[in-house]
Amino acid sequence: MSLAGKTAVITGSNSGIGLGIAREMAKAGVNVVLNSFSDRAEDHALAAEIASEFGVDAKYIAADMSKADDCRRLIVDAGRCDILVNNAGIQHVAPIEDFPTGKWDAIIAINLTSAFHTTAAALPGMRTHSWGRIVNIASAHGLTASPYKSAYVAAKHGIVGMTKVVALETAQDPITANAVCPGYVLTSMVEAQIPETMKEYGMDRETVIKDVMLARQPSKEFATVEQLGGTVIFLCSDCAAQITGTTISVDGGWTAL
Ligand code: NAD
């Protein structure tokens, strides 16, 4: 079965991995709903560009994934949600005793709790239409840990656990729920970590990338947003109909170490 004509809602998709997933989806004929918390002309222009490039319906809906009501409204305003990609995420790096409580709360809300709300709001429609795919963008940090990322690691382990529960609750419906666990992808989230790491280790940018970040990835290469989009499309395909409640790592071997 082709995915053409399905509708995908991708949270946090005005940049990085979410935008990459939206573009790969649109290339496959899927109508896409882009999202972030901002409501700028350029956000709506992104959706218009995707619509004209790939000949699908595309719209941008501003909704703040740190707010329960916004998460649920996003699904209602989308009109249809056959494929839900919970991708919105933020990061903050600090030792646990210095970790700001506000940052902890924001990371748990955006990286974990938002997926609870969007999933709860999307499932009734998926059941009505007898088809659904839920893909949660977790992380290698959903399977392993690094120092100074307490909230992020907790949220990503949490979303892997929630994915398994959703899979069990939908096991006898034509609905699957899985998590994708990327290693490092050179997006704005990773770019933001480079200056601090350069300062901390007294290294230049290239050395931070090679000896700190890619030291975690045996392939010594960043994963790409196109590879992540392709992985999500695979999880939405018919041959993945019996893949549910699990994780797929796209991490160049990080979690094999
Ligand atoms: P990014 O900063 O480019 O994208 C994050 C997206 O989330 C943006 O579109 C941003 O606008 C959106 N967002 C942030 N706060 C939001 C809010 N309150 N409401 C709605 N949207 C919000 O970073 P990215 O690397 O593309 O991250 C996307 C996802 O991939 C995140 O969940 C991240 O944890 C995960 N991830 C990234 C990497 C990596 O190396 N880049 C690795 C593993 C997992």
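The values are calculated or read from the model by the stated rules, or taken from the named source; none is laboratory data. Predicted model only: the values in this text are computed from it and were never measured. Here the Cβ positions follow ideal geometry from the backbone for every residue, glycine too, while neighbour counts run over all protein chains shown. Calculation scope for accessible area: heavy atoms of the full protein, side chains included, ligands and nucleic acids excluded. Shrake-Rupley method; radii C 1.70, N 1.55, O 1.52, S 1.80 Å.
What number of residues within the stretch 81-99 satisfy the criterion of being part of a loop (DSSP other than H, G, I, E, B), over 18 Å from MET25 (Cβ atoms) and more than 16 Å from the ligand (Cβ to nearest atom)?
Number of matching residues: 3.
Select from the stretch 214-226 the residues that are within 20 Å of the chain's Cα centre (by Cα) and buried (at least 17 other Cβ atoms within 10 Å of the Cβ) and write down the one among them that is farthest from the ligand (Cβ to nearest atom).
GLN217
Taking the condition of being closer than 22 Å to MET189 by Cα and among the charged types (D, E, K, R), how many residues in the stretch 85-132 meet it?
Of the stretch 85-132, the ones closer than 22 Å to MET189 by Cα are 85-96, 98-115.
In the following step, the residues that additionally are among the charged types (D, E, K, R) were identified as 98, 103, 105.
Selection size over the stretch 85-132: 3.
Identify, by number, the condition in (1) touching a Pro at 6+ places or on another chain (Cβ under 9 Å); (2) within 15 Å of the ligand (Cβ to nearest atom); (3) within 24 Å of SER2 (Cα to Cα); (4) of a type outside the set (A, V, I, L, M) that TRP131 doesn't meet.
Of everything listed in (1) touching a Pro at 6+ places or on another chain (Cβ under 9 Å); (2) within 15 Å of the ligand (Cβ to nearest atom); (3) within 24 Å of SER2 (Cα to Cα); (4) of a type outside the set (A, V, I, L, M), TRP131 misses just condition (2).
Are any residues in the stretch 177-211 within 30 Å of ASP238 (Cα to Cα) and touching a Lys or Arg at 6+ places or on another chain (Cβ under 9 Å), and if so, which ones?
ALA177, ASN178, ALA179, CYS181, GLY183, TYR184
What do you reckon, is VAL135 touching a helix residue (DSSP H, G or I) at 6+ places or on another chain (Cβ under 8 Å) and not assigned by TED's automatic domain parsing to the domain that holds ALA22?
Details: touching a helix residue (DSSP H, G or I) at 6+ places or on another chain (Cβ under 8 Å): yes; not assigned by TED's automatic domain parsing to the domain that holds ALA22: no.
Here the answer is no, as VAL135 does not meet what is asked.
Quick one: which residue in GLU206, GLU191 is within 23 Å of LEU19 (Cα to Cα) and among the charged types (D, E, K, R)?
Working: GLU206 fails: within 23 Å of LEU19 (Cα to Cα).
Every option except GLU191 fails the conditions.
Considering each residue of the stretch 227-257, count those that are away from the ligand (no atom under 12 Å from the Cβ) and over 20 Å from ILE83 (Cα atoms), and give that number.
Matching residues across the stretch 227-257 total 3.
Confirm whether ALA167 is more than 22 Å from GLU24 (Cα to Cα), touching a residue at least 12 places away in the same chain (Cβ under 8 Å), touching a strand residue (DSSP E or B) at 6+ places or on another chain (Cβ under 7 Å) and open to solvent by less than 30 Å² (accessible area, probe 1.4 Å). Give the derivation first.
Numbers: more than 22 Å from GLU24 (Cα to Cα): yes; touching a residue at least 12 places away in the same chain (Cβ under 8 Å): yes; touching a strand residue (DSSP E or B) at 6+ places or on another chain (Cβ under 7 Å): yes; open to solvent by less than 30 Å² (accessible area, probe 1.4 Å): yes.
So ALA167 fits the description; yes.
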